[in-house]
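Trainee: If you scroll down you'll find the structure; I have some questions about it.
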Amino acid sequence: MDGSRDDRQRERRFDGSRAHRARALRHVAFGVSSTPRANQLPVPLAIERAEGARVVDVDGNSYVDHGLGYGPLILGHSPGGVIAAVHAELARGLRTASVHRGEAELAELIAACVPSAEVSAFVSTGSEAIHLALRVARAGTGRLKVAKFRSNYHGWFDSVHVAGRPGRDGPDALGQDPRAAEALVLFDWGDAGAVEAALDGSYAAVLVEPAAMNAGCFAPPPGFLERLRAATRRHGAMLVFDEVVTGFRVALGGAQEAWGVAPDICVLGKALGAGFPIGAVSGTRAAMSTLMDGRLLHRGTFNGNPACVAAAVACLKELREGGPAVYERLAAAAAGLSAHVAAEAARTGARVCATHVTGALQLFAGVQRMERFADIASADRDLVLRLTGEMLRAGAIALPRGLLYVSTAHGEAELAATRAAITAAMEAFAAEGR
Ligand SMILES: Cc1ncc(COP(=O)(O)O)c(C=O)c1O
């Protein structure tokens with residue numbers, strides 16, 4: 001933006017969102033309900049309505065949305081089947097904290113979709129599910145230590161919210177109790193050898209994002225998950241896959257189906273509820289035994305909330321009924337956008353690149369290639385915020401950190417609009433010599 005009259009006029013398109021931000025800042029802490037949402041450029045959009053692959057802001061601007069609620073909206077915004085199921089459930093009464101039939105139906109569906117998920121326990125968010133999964137692992141093994149990988153994110157609870165960024169191993173938020181994470185041992189994601197060398201009979205679990213989605217859509221390097229599987233078996237530790245992002249996204253059965261390695265326990269969230277808050281810890285009968293016989297206290301007023309369970313049941317049924325074509329389309333969409341980034345980088349000279357897995361891609365700025373996980377340290381995080389800001393101005397929303405999700409609602413017309421927005425953003429970068 002050079003401050004010209006045209007630019008000022010273009011920026012007026014966001015006046016309503018700016019006014020909303022000013023209002024929110026007066027009484028909502030930081031003006032948002034989750035800190036990263038404040039990073040959106042040119043201003044955190046106040047969304048008026050959303051349908052399918054599109055959202056409309058309070059100024060009436062329409063965008064193709066690849067933020068998708070930070071991942072849950074695998075079926076797009078307001079999917080008809082899910083909304084109808086929730087309406088029907090609400091008509092039967094809220095019945096919060098009661099036993100109802102939906103829980104068993106959902107657990108059966110999860111078991112039918114996800115290889116390791118013989119038994120499930122429900123909570124409301126991914127963070128809670130991780131917390132419960134670690135309790136299950138510690139209770140089942142009678143051990144304390146947990147292997148965790150740098151730049152994997154497992155929610156915001158003190159026991160795991162550490163080492164979120166390259167070069168910083170400590171707590172990720174102010175006010176955390178650093179002692180809560182004392183039983184974690186940190187490793188570099190992808191380095192199976194280091195885990196094999198360190199693992200012994202004192203580890204309860206190896207906790208891992210099977211594809212590194214919070215650092216940039218990296219598929220597991222060949223052999224990585226297999227070696228973690230073998231090492232945990234050797235030492236009697238549980239292998240815990242955090243599938244909060246990969247679950248129902250990279251395949252119906254998640255990363256464990258996509259890369260063919262089954263954990264003892266997996267943690268599900270996000271796409272499970274198609275936009276409604278629900279999380280699950282799912283695992284083999286052996287791994288889940290302390291929960292199954294009631295020895296391990298599993299508490300929570302909103303656990304198994306009927307409306308959220310109904311949404312999840314409807315979501316999984318729709319994904320299942322769609323068959324392999326659903327995931328072929330999600331794979332082609334992410335690969336196609338990623339290839340477009342590469343082609344535009346070659347054409348314009350902009351230093352932007354992308355990595356992808358089925359259903360998601362990550363943009364990196366300030367670097368020409370992103371071949372290995374270790375390369376994430378060289379990407380420019382501020383620049384990618386600006387890149388996504390340029391894309392937003394051109395009509396497509398990515399998460400500010402450069403992540404784009406795709407949903408089953410993204411058709412060819414929407415993907416073409418996203419490609420055009422990527423082109424506009426990269427041309428703007430190239431013109432500035434970035
Ligand atoms: C891999 C992973 N695990 C856990 C979580 C925490 O989930 P929630 O935000 O629902 O608490 C997230 C959230 O982004 C995540 O990406």
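The values are calculated or read from the model by the stated rules, or taken from the named source; none is laboratory data. Source: prediction; values computed, not measured. Heads up, the Cβs are rebuilt from the backbone with ideal geometry, glycines too, and the neighbour counts pull from every protein chain shown. Side chains are part of the model used for accessible areas, which takes the heavy atoms of the whole protein and leaves out ligands, DNA and RNA. Shrake-Rupley method; radii C 1.70, N 1.55, O 1.52, S 1.80 Å.
Trainee: Quick one: in region 1-36, of everything that is in a helix (DSSP H, G or I) and either among the β-branched types (V, I, T) or in contact (Cβ under 8 Å) with a residue 40 or more places away in the chain (or both), which residue is farthest from A425 (Cα to Cα)? Steps first, please.
Mentor: First, pick out the residues of region 1-36 that are in a helix (DSSP H, G or I): 5-27, 29-31, 35-36.
Subset that is either among the β-branched types (V, I, T) or in contact (Cβ under 8 Å) with a residue 40 or more places away in the chain (or both): 10, 13-17, 35-36.
Numbers: R10: 15, R13: 18, F14: 18, D15: 21, G16: 23, S17: 21, T35: 25, P36: 21 Å.
The residue in question is T35.
Trainee: Take the conditions on the phi > 0 side of the Ramachandran plot, outside any strand (DSSP E or B) and either among the acidic types (D, E) or assigned by TED's automatic domain parsing to the domain that holds L297 (or both) and apply them to G216. Does it pass?
Mentor: Numbers: on the phi > 0 side of the Ramachandran plot: yes; outside any strand (DSSP E or B): yes; either among the acidic types (D, E) or assigned by TED's automatic domain parsing to the domain that holds L297 (or both): yes.
Judged against the criteria, G216 is a match.
Every residue, every condition in (1) surrounded by 21 or more Cβ atoms within 10 Å (Cβ to Cβ); (2) under 18 Å from A314 (Cα atoms); (3) assigned by TED's automatic domain parsing to the domain that holds P263, yes or no:
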| residue | (1), (2), (3) |
| --- | --- |
| R95 | no, no, yes |
| S98 | no, no, yes |
| E105 | no, yes, yes |
| S120 | yes, yes, yes |
| V123 | yes, yes, yes |
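Trainee: Sticking with this one: Hey, can you tell me all the residues within region 190-208 that are surrounded by fewer than 24 Cβ atoms within 10 Å (Cβ to Cβ) and touching a residue at least 40 places away in the same chain (Cβ under 8 Å)?
Mentor: Here is the first cut: in region 190-208, the ones surrounded by fewer than 24 Cβ atoms within 10 Å (Cβ to Cβ) are 190-202.
Within region 190-208, G190, V195, A198, L199, G201, S202 meet the criteria.
Trainee: Checking G389 against (1) open to solvent by 20 Å² or more (accessible area, probe 1.4 Å); (2) of a type outside the set (K, R); (3) touching a residue at least 40 places away in the same chain (Cβ under 8 Å): exactly one of these is not met. Which one?
Mentor: Result: G389 passes all but (1).
Trainee: Right, next: Somewhere in region 268-291, is a residue among the β-branched types (V, I, T) and surrounded by 24 or more Cβ atoms within 10 Å (Cβ to Cβ)? Give the derivation first.
Mentor: Step one: filter region 268-291 for residues among the β-branched types (V, I, T), giving 278, 281, 284, 290.
The next check asks that each one be surrounded by 24 or more Cβ atoms within 10 Å (Cβ to Cβ); those that pass are 278, 281.
So far as region 268-291 goes, yes, one or more of its residues are among the β-branched types (V, I, T) and surrounded by 24 or more Cβ atoms within 10 Å (Cβ to Cβ).
Trainee: For region 210-249: of the residues being under 21 Å from G359 (Cα atoms) and among the acidic types (D, E), which is surrounded by the fewest Cβ atoms within 10 Å (Cβ to Cβ)?
Mentor: At the first step, the residues of region 210-249 found to be under 21 Å from G359 (Cα atoms) are 210-222, 225, 241-249.
Subsequent filtering for residues that are among the acidic types (D, E) retains 242-243.
Details: D242: 31, E243: 34.
So, considering only residues that are under 21 Å from G359 (Cα atoms) and among the acidic types (D, E), the one surrounded by the fewest Cβ atoms within 10 Å (Cβ to Cβ) is D242.
Trainee: Touching a Gly at 6+ places or on another chain (Cβ under 8 Å), at pLDDT below 95 and not small (G, A, S): does that describe F373? If you could, list the steps in order and put the result at the bottom.
Mentor: Numbers: touching a Gly at 6+ places or on another chain (Cβ under 8 Å): yes; at pLDDT below 95: yes; not small (G, A, S): yes.
Judged against the criteria, F373 is a match.
Trainee: Under 9 Å between Cβ atoms, which residue pairs at least 6 apart in sequence (or on different chains) link something in region 72-85 that is assigned to a helix (DSSP H, G or I) with a partner that is open to solvent by 30 Å² or more (accessible area, probe 1.4 Å)?
Mentor: G81/K317; G81/E318; V82/G275; V82/F276; V82/E318; A85/K317
Trainee: Report yes if some residue within region 155-164 is in contact with a Lys or Arg (Cβ under 9 Å, 6 or more places away or on another chain), surrounded by 15 or more Cβ atoms within 10 Å (Cβ to Cβ) and either among the basic types (K, R) or at pLDDT below 95 (or both); otherwise report no. Walk me through it before giving the result.
Mentor: Residues of region 155-164 in contact with a Lys or Arg (Cβ under 9 Å, 6 or more places away or on another chain): 158, 160, 162-164.
Going one step further and asking which of them are surrounded by 15 or more Cβ atoms within 10 Å (Cβ to Cβ), we end up with 158, 160, 162-164.
Retained after the next criterion (residues that are either among the basic types (K, R) or at pLDDT below 95 (or both)): 164.
Checked region 155-164: at least one residue is in contact with a Lys or Arg (Cβ under 9 Å, 6 or more places away or on another chain), surrounded by 15 or more Cβ atoms within 10 Å (Cβ to Cβ) and either among the basic types (K, R) or at pLDDT below 95 (or both).
Trainee: Can you name the number of the only condition in (1) open to solvent by 40 Å² or more (accessible area, probe 1.4 Å); (2) small (G, A, S); (3) assigned to a loop (DSSP other than H, G, I, E, B) that A180 fails?
Mentor: (3)
Trainee: Does any residue of region 298-312 turn out to be closer than 30 Å to G93 by Cβ and of a type in the set (K, R)?
Mentor: Initial filter on region 298-312 (closer than 30 Å to G93 by Cβ): 298-312.
Still in the running and of a type in the set (K, R): 299.
Scanning region 298-312 turns up at least one residue that is closer than 30 Å to G93 by Cβ and of a type in the set (K, R).
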